Amino acid sequence: MLDNTKTITMLQRVRVINPSCISRCIHSGVRTYATARPSAPPPQPTAEETAKVNSVYQRMGVDLSDAELMTQAVTHKSFAHGSVPTNERLTHLGRTFLEMHLAEKKWDTVKSTKTLRSSIAHVLKAEKMAKVARSMGVDEVMRWKSPSTTPGSKAGEETVLAQTLEAIVGAVYHDKGSKVAREFVSKHIYTY
């Protein structure tokens with residue numbers, strides 16, 4: 001790491017920071033280009049949280065081979081600002097699988113593409129998916145941070161619950177394959 005004098009001189013030359021505030025920023029501890037603090041280690045789930053996650057998966061009848069994948073599936077990107085693996089990719093995989101599976105299931109009964117799309121969208125509405133997720137206890141283990149600054153606010157929870165359920169579908173598909181994922185979806189999602 002460069003000493004403060006060299007850092008200040010370098011930053012003044014490239015005009016990254018206003019010269020009058022460089023030394024003030026360094027001495028006040030404000031994080032700038034001039035100082036670098038080691039980041040805190042990402043929060044790991046406690047044994048109690050892991051047990052709770054396992055319990056929810058057991059209630060769903062899902063036995064994933066990777067405990068980290070189970071935790072990742074219930075971890076939204078708002079939790080710890082992405083310093084831990086999140087469910088974003090699993091959500092995409094699960095949503096894509098759900099859309100494909102629904103299209104296959106309704107292929108013979110729905111003739112219009114527009115009607116097919118509408119039917120799929122109806123089944124995968126955030127409100128419905130959140131209701132299914134709540135019934136399975138996903139809300140008890142979901143790791144996320146509400147965007148609201150109001151304590152106890154649940155703003156955005158429905159959308160995040162729906163995405164978390166899609167991520168669980170993605171995790172099941174990723175870990176167990178198409179057959180088990182289809183069984184899971186038929187048992188839990190199509191019943192609503």
### Task
Starting with the fewest neighbours, write out ARG143, ARG95, ARG182, ARG117 ranked by other beta-carbon atoms found within 10 Å of each beta-carbon.
ARG117, ARG182, ARG95, ARG143
### Message
Straight-line reach only, C-alpha to C-alpha below 18 angstrom: list the lysines that LYS114 could link to, leaving out same-chain residues fewer than 8 apart.
### Response
LYS105, LYS106, LYS125
### Query
On full extension of the chain, what length is gained from ALA67 through SER178, given 0.36 nm per residue of separation minus the C-alpha to C-alpha distance?
38.0 nm
## Note on the structure
Percent of all Cα-Cα pairs per 10 Å bin for segment 47-188, counting from 0 up to the last occupied bin, reads 12, 42, 32, 12, 2, 0
### Summary
Net charge near SER55 (other residues with Cβ under 13 Å of its Cβ; Lys, Arg +1; Asp, Glu -1) is -2
### Message
Could you tell me the calculated FRET efficiency between SER112 and LYS77, based on Cβ-Cβ distance and R0 = 45 angstrom, to the nearest 0.05?
### Response
0.80
### Task
Could you list which residues have their amide H under 5 Å from that of ARG143, counting only those 5 or more apart in sequence or on another chain, with H placed in the peptide plane?
THR75, HIS76
### Task
Sort HIS122, HIS92 so the one with the fewest other Cβ atoms within 10 Å of its own Cβ comes first.
HIS122, HIS92
### Task
With r as the distance between the Cβ atoms of THR46 and GLU140 and R0 = 22 Å, compute the FRET efficiency 1/(1 + (r/R0)^6) and round to 0.05.
0.95
### Query
Quick one: GLU68, GLU158, fewest Cβ neighbours within 10 Å first, how do they rank?
GLU68, GLU158
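Computed from the coordinates by the stated procedures, all read-outs in this text should not be read as laboratory data. All values derive from a computational prediction rather than experimental measurement. When we count neighbours, we look across all protein chains shown, and the Cβ atoms used for this are built from the backbone with ideal geometry, even at glycine.
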